[in-house]
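**Student:** Could you have a look at this structure, given as structure tokens, before my questions?
The values are calculated or read from the model by the stated rules, or taken from the named source; none is laboratory data. Keep in mind the model is a prediction, meaning the values are calculated, not measured. For neighbour counting, all protein chains shown are included, and Cβ atoms are generated from backbone atoms with ideal geometry for every residue, glycine included. Protein only, heavy atoms only, side chains kept; ligands, DNA and RNA dropped before computing areas. Shrake-Rupley method; radii C 1.70, N 1.55, O 1.52, S 1.80 Å.
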Amino acid sequence: MLGDSLIIDEPVKEIFWKTGGNYNLNIQQVTLSNWAAGGSSTFALNSGLTLSANYKKDNKIWDTQLNVNLGFNRQNDRSFETRKTNDNFNFVSNYGRELSEFFYLSTQLDARTQILEGYKYSRPSGSDVEIRTKISDLLSPGYIQSSTGLNYRKTYEDKSKISVILSPFTGRFTIVLDDSLSRAGAFGVVPGENVRAEAGVSIAASVTDIQLMQNVTWRSDINLFSNYEVFGNMVVNFNSVIRMRVNRFISTRIETVLIYDEEVFIEQDDGSSKQAVQLQNLINFGISLDF
């Protein structure tokens, strides 16, 4: 009709990708001078970066996440003053096709390693000199796990998520590129070899953005792998982060990492080596930026 405004509704643009991330930085410094109670001046730094990219269109999903953590501690009265305290590189990518409302046929790639060299520090009996021995490095070890199976996943109204993947077809590769560690047969590789391949079954489960209470969230993931040749013996990788947000830029994080691999022997203080649970626990208070 003449004189009436013509209103045309523009089509809503669909968004298939959702990306985000978080960076956290924590610093601690203690400076002592003529301190009667004793002690040492120290400096500690820990940082972490999380990046995610999630795709959903029709019956297809593709979720990818990268976590990198690195930390150092410096103490003036030690032979080796600066030492690494935290070093993790974890990459997980999952592609799936919907079978029903909560079930998907999924393929997942899981890659784990570290960035810098790792050392064990010791003082030989009867010696005043501290020595260090190289025990790890970039891709020494590196773990790559590829799996295909059935994925149950659900997103709740509060945006929390749960995912469980059962994969009867899983390939796991242990990589040791450092020649000295390879010759020693570190991390279960045949001495002199760089890769150890295994076939087995795996279960991977994760929970994301679980609201424990106001401003307190929890995310966690666990990956269990059993080699068909020695079925029942599990490789365990468990990660947990509890985040307590003070405001937009400051938060406290409690991070726990637990690893068990029967092919990895941990050197003890008496010089012997044995299978053992590896445990790392960090409590950080500092800057936290979401983007």
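**Student:** Of Ser140, Ser79, Ser240, which is the most mobile in a GNM of the chain whose springs link Cα atoms less than 10 angstrom apart?
**Tutor:** Ser79
**Student:** To the nearest 0.05, what FRET efficiency results for Ile250 and Ala205 with a Förster distance of 41 Å applied to their C-beta separation?
**Tutor:** Calculated transfer efficiency: 0.85.
**Student:** Taking segment 202-257, which trypsin sites (Lys or Arg not before Pro) meet the DSSP loop condition and have no more than 10 other C-beta atoms within 10 Å?
**Tutor:** Counting only loop positions with at most 10 other Cβ atoms within 10 Å, the trypsin sites (Lys or Arg not before Pro) in segment 202-257 are Arg248.
**Student:** Determine how large the accessible area of Ser100 is when every protein chain is in place; take a 1.4 Å probe and give Å² rounded to the nearest 10.
**Tutor:** Here the accessible area works out near 50 Å².
**Student:** Okay, next question. Considering only protein heavy atoms, what per residue accessible area in square angstrom results for segment 173-253 with a 1.4 angstrom probe?
**Tutor:** Averaged over the residues of segment 173-253, the accessible area is 54 Å².
**Student:** Using Cα positions and a limit of under 21 Å, work out the lysines in reach of Lys84, with same-chain residues fewer than 8 apart set aside.
**Tutor:** Lys120, Lys134
**Student:** Between Gln280 and Gln75, 0.36 nm times their residue separation minus their Cα-Cα distance comes to what?
**Tutor:** Contour length minus the Cα-Cα distance gives 71.8 nm.
**Student:** Take the cross-link list Lys13/Lys161; Lys18/Lys161; Lys13/Lys154 and give me the ones stretching past 22 Å between alpha-carbons.
**Tutor:** Beyond 22 Å: Lys13/Lys161; Lys13/Lys154.
**Student:** Something else now. Please sort by residue number the trypsin sites (Lys or Arg not before Pro) in segment 144-202 whose DSSP state is loop and whose Cβ has at most 16 other Cβ atoms within 10 Å.
**Tutor:** Taking segment 144-202 and a limit of 16 other Cβ atoms within 10 Å, the loop trypsin sites (Lys or Arg not before Pro) found are Lys159.
**Student:** Work out, step by step, the length gained on full extension between Asn215 and Phe16: first 0.36 nm times the residue separation, then minus their alpha carbon distance; give nm to one decimal.
**Tutor:** Working it through step by step, the gained length comes to 68.8 nm.
**Student:** Using only the Cα atoms of the chain, what semi-axes does the equivalent ellipsoid have when each is the square root of 5 times a gyration tensor eigenvalue? Give whole Å, largest first.
**Tutor:** 41, 29, 15
**Student:** Helix-only mean residue ellipticity at 222 nm, the chain, DSSP H runs n ≥ 4 weighted -39,500 (n - 2.57), per residue, nearest 500. What is it?
**Tutor:** Taken over the chain, the calculation gives -500 deg cm²/dmol.
**Student:** Let me ask something additional. How large is the accessible surface of Phe285 in square angstrom, using a 1.4 angstrom probe and rounding to the nearest 10?
**Tutor:** 130
**Student:** I've got another one for you. With a cut-off of at most 14 other beta carbons within 10 Å, and DSSP calling the residue loop, which chymotrypsin sites (Phe, Trp or Tyr not before Pro) in segment 105-191 qualify? Please list them.
**Tutor:** Passing sites in segment 105-191 are Tyr156.
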